[in-house]
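Input: a single structure, listed below in structure tokens.
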Amino acid sequence: MANKTAARSGARTTRSKGASRSAKPAPRRKPAQKRTSSPVATAVAASGRAARATWLMVARGAGSTARSVGRARDIEPGHRRDGIALGLLAIAVVIAASSWFDAARPVGAWIDSVLRTFVGGAVVLLPLVIAVIAVLLMRTEPNPDARPRLVLGCAMIALPVLGLWHLWSGAPQDPAARQRAAGFVGFAIGGPLSDGLTPWIATPLLILAALFGVLLLTGTTIREVPETLYAMFSTRGRYADDEYDDYDEAEPEDLDQAEPDDFSDGYYDDPKAYADDAPAWPGSPSPSPSPSPAPAPAPAPKPKPQLTAGTPMDNYPLEEDAPTVPELPKERRKKPAPKPEPMVVDRVVEGPYTLPSLELLVAGDPPKLRSAANDKMVEVIQSVLQQFKVDAAVTGCTRGPTVTRYEVELGPGVKVEKITALQRNIAYAVATESVRMLAPIPGKSAVGIEVPNTDREMVRLADVLTAPSTRRDHHPLVIGLGKDIEGDFISANLAKMPHLLVAGSTGSGKSSFVNSMLVSLLARATPDEVRMILIDPKMVELTPYEGIPHLITPIITQPKKAAAALAWLVEEMEQRYQDMQASRVRHIDDFNAKVRSGEISTPLGSERVYKPYPYIIAIVDELADLMMTAPRDVEDAIVRITQKARAAGIHLVLATQRPSVDVVTGLIKTNVPSRLAFATSSLTDSRVILDQPGAEKLIGMGDGLFLPMGASKPQRLQGAYITDEEIQAVVQACKDQAEPEYTEGVTAAKTAGD
């Protein structure tokens, strides 16, 4: 124990001594002597610092330039295209100077040598090709969808032409001789074909390849080549020579338009809301009642036609031949123009009554293509998706007359809800409230974003009625609806609906649709085929149609008489069903066919004479007024008619601007399968009409959603527009041929005993 204590004390003594020794200050070193640099070393160091500063400055400048190039997409697309075009023009000037004039030496000589090595003698054409591309860049709008086709088309033209050049130059093998022929490219294209197939077979193959390049470049198929050539040569003279002549022939007083009577319900129905209305086509005379050659009494003054560049049939030609009508001669023609295709309906009617000519209607302008505004909208939507880190891309767009649908494809593992949740953000980015999403687009693996166009188009009823799809349907109850978002004209058959509910707020275009429907029926059906009952509680909406020969009774404006007319329709329906039961047929069309063929004859002792039953269309312009006056009687009659009247040839069209549940009741909705909704003020109204949202996102002025019978999703369309002058012209053409034959007792009130 004592030894351990002594050892610890010895250790402490040793540590204390060591510490005392280490605490002594270390001896100070002598300061190093300062070296004096020579002038040469100083100059070398300064040069190094200057070189380093210069290098940093150049590096920073290069980096700034690279970053600027990287941000080149922030420049306006038009400026980018102009910059590229001017750069191509500069390249074309340098190549032309070196290959045409042997100038721009020594760089020009090197450029000419390199180009001749690759393309040979074709270098003399290269400046012209580059200049044409530059001019097209400056004068046309970008089209990303067509860019791959154009690039491939140019390549398919250039490569076979160089191959042919090589063959026609004797297929030289020497590099120096190839520079005078088609260069290395021509040798690579034409040489193997010539060696393997002989020049006689290689030449037609290369010509076929070049023709395919031309088809790609023009976006034309072989099947469309004859039609394209015919249209080009048949319309060039009219547009080039007669456009200004037609305006010169117009008298000043023909351009004056009388102020139309106001039967509208909003902005869309106001002709003054469209400053650039397309006038009637050249060569159209003053509206006449019919093309019959027989003299007729002097008609009432018709509205004077306006002027435009063409007819709807010029914009949408029909392959089938239509009946021709004589063209009125025109004076002061510099050059005879080709006769325009007649504007008639392809329907054959019996009897002396002739359908009004569609030349009484005003033609619309050709549809617009994709514009710079659409490309800007694509960039805006894409930027919103990037900001919220959604793996999706805008893959295309479809422009309609009112809205454009942008197609967004999702990346793998991305939910559709991520796109639909950004609806308000996209509406904020595009500066509009009326953004509608369709998730997904029917028939496509994409989400549709519908954004209103800044430059809307007007859809004319004349274009819809003369569209091929409408003209090929010969049923008298076909009506023109408008144009969908794909740019296709939409028509519908009232016999297949078989009843229609139309609703929308004030100014949404509801009255314009009713007018378009009535004019469609007048232009396609005779009074023997279609009869009408018009109920107008507003007293002014349907006034222009007073006195047309299709009416069963004068236009009804009193709600009590309207209820009586609907009750009369129920009796008429029951009478028709009794006749069909006795004749053992299930539809009114079969009954009429048997009557015309003589299979149904009058029973012995009966004074009744069987005649074909016409279709009956009952149009209620404002259902709310009727439901507020006699709700029980009106609802019972409407339900009875809509439940049974389809086979009897009786169809209802109910229109209202107040689609509430007390107006459009559950029984009415259940029995009216087809719906047409224009812009509504609330989501509740949209659900009343369509049983789903969507109508509250419409932008008005004819923008609508059409839900035909059997469809699960509505179809968006722009309703057709027709002016008061056109309505008056068609109505007058009908009045000049026949007087209305009213049926007695239609509006008579039924007593309890009846």
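Values in this text are rule-based calculations from the coordinates and carry no lab data. Source: prediction; values computed, not measured. Note: ideal-geometry Cβ built from the backbone for every residue, glycine included; neighbour counts use all protein chains shown.
Tabulated data for the structure shown
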quantity	calculated
Protection-proxy order for peptides 621-634, 154-167, each taking the mean of Cβ atoms within 10 Å per residue, highest first	154-167, 621-634
Gain in span if fully extended, Gln387 to Asp375, counting 0.36 nm per residue against the direct Cα distance	2.5 nm
Extreme residue, positive dipole direction of the stretch 74-227, given options Gly191, Gly219, Pro144 (C-beta unit charges)	Gly191
Ordering of 118-131, 40-53 by burial proxy (mean other Cβ atoms within 10 Å per residue, highest first)	118-131, 40-53
Most positive-pole-ward Cα, His475, Thr526, Ser511, against dipole of the stretch 461-735 from beta carbon charges	His475
The stretch 559-624: C-alpha gyration tensor shape, a/c 1.5 cut-off, then a/b vs b/c	prolate
Value of Rg/Rh across the stretch 372-452 [Cα atoms, Kirkwood radius]	0.92
Residue list for the stretch 198-218, given a label point 7 angstrom along the Cα-to-Cβ vector of Val151 and an amide N cut-off under 19 Å	213-218
Shape of the stretch 461-735, Cα gyration tensor, a/c cut at 1.5	prolate
Cα-based Rg / Dmax (Å) for the stretch 505-636	17.3, 58
Built amide H within the under 5 Å cut-off of Ile555, gap 5+	Gly547
Computed over the stretch 168-225, the ratio Rg/Rh where both radii use C-alpha atoms and Rh is Kirkwood	1.10
Estimated FRET transfer efficiency (Glu409, Thr218; beta-carbon r; R0 25 Å; 0.05)	0.30
Glu741/Thr506 FRET efficiency (R0 41 Å; Cβ-Cβ; nearest 0.05)	0.70
Cross-link pairs Lys483/Lys669; Lys510/Lys697; Lys510/Lys669; Lys669/Lys697; Lys496/Lys538 - those with Cα-Cα distance over 24 Å	Lys483/Lys669; Lys496/Lys538
For the stretch 652-749, the spread of Cα positions along each principal axis, largest first, Å	46, 36, 25
Size of electric dipole in the stretch 461-735: Cβ of Lys, Arg +1 and of Asp, Glu -1, about Cα centre, debye, nearest 20	620 debye
Å³ per residue enclosed by the Cα convex hull of the stretch 502-562	93 Å³
Cut-off under 5 Å, modelled amide H: who pairs with Leu481 long-range	Ile490, Ser491, Ala492
Projected label distance in nm at Asp102 and Ala593, using a 7 Å step from Cα toward the beta-carbon	8.7 nm
Rounded FRET efficiency, nearest 0.05, which uses the C-beta distance separating Asp636 from Lys496 and R0 of 25 Å	0.45
In sequence order, calculated HN-Hα J values of the stretch 676-682 (Karplus, 6.51, -1.76, 1.60; Hz; x Gly/Pro)	9, 10, 9, 4, 10, 8, 8
Pair Leu667, Arg180: separation of 7 Å Cα→Cβ label points (nm)	9.9 nm
